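The values are calculated or read from the model by the stated rules, or taken from the named source; none is laboratory data. Every value quoted in this text rests on a predicted model; they were computed, and no experiment measured them. With ideal geometry, Cβ positions are generated from the backbone for all residues, glycine too; neighbour counts draw on all protein chains shown. Side chains included, ligands, DNA and RNA excluded: accessible areas come from the protein's heavy atoms. Shrake-Rupley method; radii C 1.70, N 1.55, O 1.52, S 1.80 Å.
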Amino acid sequence: MPEKPYDHNRIELKWCERWRDGSLFRAEDHSTKPKYYLLEMLPYPSGTLHVGHIRNYTIGDTLARYKWMRGYNVLHPMGWDAFGLPAENAAIANQRHPREWTLENIAYMKRQHVRYGFSYDWTREISTCEPEYYRWNQWFFLKMLERGLAYRAKALVNWCPACATVLANEQVVNGCCWRHEDTPVEQRALEQWFLRITAYAEELLRDLDKLEGGWPERVLTMQRNWIGRSEGAEIDFRLVGSGKPIRVFTTRLDTIYGATCVILAPEHPLAEELVPPQEQARLKAMIDERARRDPGDLVKEGLFTGHFAVNPYNGEAIPVWIGNFVLMGYGTGAIMAVPAHDERDFEFCTRYGIPVRPVIRPVDGKLPDPAAMQGAFTEDGICENSGEFSGLPSAEARRRMTEKAERECFGKAAVTYRLRDWGISRQRYWGTPIPVIHCAECGIVPVPEHELPVVLPLNVQITGRGRSPLETVPEFVNAPCPRCRRPARRETDTMDTFIDSSWYFYRYCDPHNRQAPFDPQKIAYWFPIDQYIGGVEHAILHLIYARFFTKVMRDLGLVKNDEPAARLFTQGMVIKDGAKMSKSKGNVVSADETAERYGADTARLFVLFAAPPEKDVDWQDAGVEGMYRFLGRVYRFVTRNVDRLGQAASGEETEADRRVRRRLHQTIRKVTEDFETRWHFNTSIAAIMELVNELHASEAELSPPVLAEVLEKLVLLMGPFAPYVAEEMWEELGRAGPVFRQSWPSYDPELAREELAEVVLQVNGRVRSRLLVPFGVPREELERQALADDKIRSYIAGKAVAKVIVVPDKLVNVVLKG
């Protein structure tokens, strides 16, 4: 048969249409096969996919197809994180309803997913903006409210005085409103809803140990830092005059005799009370300024209140200041400043002329001279000038000082966390309504479960001004109290959209359940997620919230697992023109145009080949064209050799047969190992390319039986990476059934064994040369060859060899004396 030209559009559109069968990629809720739950983080339907998005989904789809071929029952679902601020912004800009804009984007992006051949079980598709989904957001909220995990409290929010509205953090640009570049954002205290994630802080931290080996260490470190556990003590400094306590948290109680002032966060409840009237505007400016800037960019500023507080250990009255660098969200929002032993305190106090008093000396040194100090001494040491605790090592002093505070009732040992409770209130329209009613008689009343969902009204005007748009819809706001039936007002805040993405992966297991968020028996089968894939930017919000929700669900008796995902993979970005691909940078490569010009298979191969999946990929048109040529080369080779497969063998296996079969089995082993270990798909594709090169070089000499074996297994190897062309070649070979439902090719270990081992040659542990030798060369011979190597001889010439370390088939290290 003459070779056929590689017409990517004809091939891909043909199979794209055939794969529309809804049952093709369907997972079974119960199976005798081992289960494999594979998930990419659900996308926000912003409009269109570019090739940066395609990389994430390609990694997951490649793995899903491999797992099917390995005999797994694979759950590979997809849905839409459909609520959020961009839809409201688009509504304002284009005068379109957020729902209309969102659903249109979902339909378009779904077509793109289908065009790229991603193997999703679309029967499980969810969209978080549908009442069938967000009803359960509301149900979870009510369950948390019952258990004291949801509560209402005042909190500071970003406020634009020109718009008279609350701004999301994303809408604050250079400290100003995104719409009014000359209007500085202010801070205002409003009643907000919170989820008490801090109730799980210790467990969230402790259970990170269970994820070791399955989650990237970088992500685990980021979460540990975000949770931020600190052990120390809380101590009361009482105000002179009123006797009101100012409770401070410190991890260095051993330094308390060196405290020379108390500093409050600007937002501290006592700050407004203590600051004199003439300085109130300055206090407010400190609060607003901090909201506009990154804390690392702030110049440390202070404001003396005119008040003093008493150190309970030595009875000294020290000044009370306000400091813009003290965080209300950490500890108690108040600190004791010990400038001699804390760099931050040293910088602040030396600026404002507050005394520096050393009270800790090095174990083998003297107490620092405050006049000569250029910075703080921050290490543990020996206490001096510390009353009854003088002479004690720091750790022992901390223990005894804490005992004294507890005994005399002015303090206690304490553990604090950087993690704060999760503020979920949003003064937005396009989100889940919070299911409570405000009654003048009964207070805050939960909406009864049988009345869920509280449906988001469609007849709303979105202007971006004022408070929540829901306040302007009387038929939504006005509702009878569920208890007393008197007129009342419905809550008009909506939920943070991170609520939607904190449990969606459970709903995939039972997406059409109308009686409950999911069936616990189905969860018990599928969970935990075997492999979760997404960007590292989600490490400390989405992934912590998802872990929190799982623990709450466990305590509700809905699930048995402690963690949502056993393994996490964070892929690299796609770079174009030196920057991350994004619309704002104007460097986006259209997924549609790429599929039209080169084909989805080409795009998939390139993003997998250009770099290991955890690394960034530099999008290069020349590299894409190279992938396109490779696919054409493979397709033409297969189609022109189909007719030879039925021919009788001419005799014994040829040298070319043996060479190609060995290369084939080595390739199968290589690709299999890459899938099972490090996912270095770039080296897998490179190995397939080398096999194809070997096939071309030996084409005329191959016998029909060997050619048949090689072509069949080559197509199966390519199936996870380039599914469209693999399916077409499978059909050309006369085979039936989808490629991904075939068994993954096995290899003969003897044939797959490399003929030569690469042995690293080192001198004093540094690589200096390499040897290619047959496997199994004895230690003595390896040592002889290493010492005879020209490069090694140049490094050891005139020097005495202390010993030679030999690891057969791996390494020779020559260790020199001295």
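For ALA309, the amide hydrogen comes within under 5 Å of the amide hydrogens of VAL240, ILE318, VAL320, counting only partners 5 or more places away or on other chains and with H modelled in the peptide plane.
May I ask for the net charge around LEU303, where only other residues with Cβ less than 15 Å from the Cβ of LEU303 are counted and Lys, Arg are +1 while Asp, Glu are -1?
-2
Computed over protein heavy atoms with a 1.4 Å probe, the accessible surface of the chain works out to 43 Å² per residue.
For ALA281 and GLN785, the FRET efficiency from 1/(1 + (r/R0)^6), where r spans their Cβ atoms and R0 equals 51 Å, is about 0.05. Surface composition of the range 621-752: carbon plus sulfur atoms hold 47% of the accessible area, using a 1.4 angstrom probe and ignoring ligands, DNA and RNA. The apolar share of the surface of the range 1-127, taken as the fraction of accessible area on carbon and sulfur atoms (1.4 Å probe, ligands and nucleic acids excluded), comes to 52 percent.
Cross-link partners for LYS33 among the lysines, with Cα-Cα distance under 27 Å and sequence neighbours closer than 8 places in the same chain left out: LYS67, LYS210, LYS522, LYS560, LYS670, LYS713.
Taking N as the residue count of the chain, its C-alpha radius of gyration divided by 2.2 N^0.38 Å amounts to 1.18.
To the nearest ten degrees, helix 723-732 and the longest principal axis of the Cα atoms of the chain are 20 degrees apart. Placing +1 on each Lys and Arg Cβ and -1 on each Asp and Glu Cβ, with no other charges, gives the range 170-234 a dipole about its Cα centre of roughly 120 debye.
Computed over the Cα atoms of the range 202-320, what is the ratio Rg over Rh, Rh following Kirkwood? Spell out each step's value before the answer.
Values: Rg = 18.8 Å, Rh = 17.3 Å.
That ratio equals 1.09.
The shape of the range 756-816 comes out prolate: with a ≥ b ≥ c from the C-alpha gyration tensor, a/c is at least 1.5 and a/b beats b/c.
Summarising the amide proton neighbourhood of THR432: residues at separation of 5 or more, or on other chains, whose placed amide H is nearer than 5 Å comprise MET495. Stretched out fully, how many nm does the piece from ALA736 to ALA164 gain, at 0.36 nm a residue minus the Cα gap? Computed gain between ALA736 and ALA164 is 199.4 nm.
Extension gain, GLU3 to ASP369: 0.36 nm times the residue separation minus the Cα-Cα distance gives 123.0 nm. Dimensions of the range 621-752 along the principal axes, based on C-alpha atoms and rounded to the nearest Å, stand at 43, 31, 30, largest first. For the range 1-128, build the charge dipole from Cβ charges (+1 Lys, Arg; -1 Asp, Glu) around the Cα centre, then report which of HIS53, PRO2, TYR36 sits farthest towards its positive end. Toward the positive end, the furthest listed residue is PRO2.
Treating each Cα of the range 573-654 as an identical point scatterer and summing with the Debye formula, the log10 of I(q)/I(0) at q = 0.10, 0.23, 0.27 Å⁻¹ comes to -0.39, -1.12, -1.34. Taken one residue at a time, the phi angles of the range 235-241 give Karplus couplings (6.51, -1.76, 1.60, θ = phi - 60°) of 10, 8, 9, 9, 5, 5, x Hz. Gly and Pro are set to x. Across the options ALA800, GLY534, ILE287, the greatest Cα extent toward the positive end of the charge dipole of the chain (unit charges at beta carbon of Lys, Arg, Asp, Glu) belongs to ILE287. The simple Förster model, with R0 at 25 Å and r as the Cβ-Cβ distance, assigns GLU614 and LYS110 a FRET efficiency of 0.35.
Near the amide H of TRP215, within less than 5 Å, lie the amide hydrogens of LEU568, all on another chain or at least 5 residues away, with H placed in the peptide plane.
In terms of packing, defined here as the mean over residues of other Cβ atoms within 10 angstrom, the peptides 398-404, 433-439, 671-677 line up highest first as 433-439, 398-404, 671-677. Sites listed here are trypsin sites (Lys or Arg not before Pro) in the range 509-593 whose DSSP assignment is loop and whose Cβ has at most 13 other Cβ atoms within 10 Å: ARG514, LYS560. For the chain, the 222 nm mean residue ellipticity estimated from helices alone, with every DSSP H stretch of n ≥ 4 adding -39500 (n - 2.57) and the total spread over all residues, rounds to -10500 deg cm²/dmol.
Placing +1 on the Cβ of every Lys and Arg and -1 on the Cβ of every Asp and Glu, with no other charges, gives the chain a dipole of roughly 580 debye about its Cα centre.
Couplings for the range 91-98, taken from phi via the Karplus curve 6.51 cos²θ - 1.76 cosθ + 1.60 with θ = phi - 60°, read 5, 5, 6, 10, 6, 10, 5, x Hz in order; Gly and Pro are left as x. Contact order for the chain, expressed relative to its length and based on alpha carbon pairs under 8 Å spaced 6+ residues apart, stands at 14 percent. Considering only alpha-carbon pairs that sit under 8 angstrom and 6 or more positions apart, the relative contact order computed for the range 116-221 is 23 percent. Charge dipole (Cα centre; +1 on Lys/Arg Cβ, -1 on Asp/Glu Cβ; no other charges) of the range 305-461 amounts to roughly 220 debye. Projecting the Cα atoms of VAL559, ALA87, SER127 onto the charge dipole of the chain, computed from C-beta unit charges around the Cα centre, puts VAL559 farthest toward the positive end. When only alpha carbons are used to place a centre, the range 126-173 and the range 291-327 end up 32 Å from one another. Mind checking which lysines have their Cα closer than 17 Å to the Cα of LYS615? Skip sequence neighbours fewer than 8 apart in that chain. Cα-Cα hits under 17 Å: LYS576, LYS580.
Rounded to whole numbers, the Karplus 3J(HN,Hα) couplings from phi for the range 389-399 are 9, 4, x, 7, x, 3, 4, 5, 4, 4, 4 Hz, using 6.51 cos²θ - 1.76 cosθ + 1.60 with θ = phi - 60°, and x at Gly and Pro.
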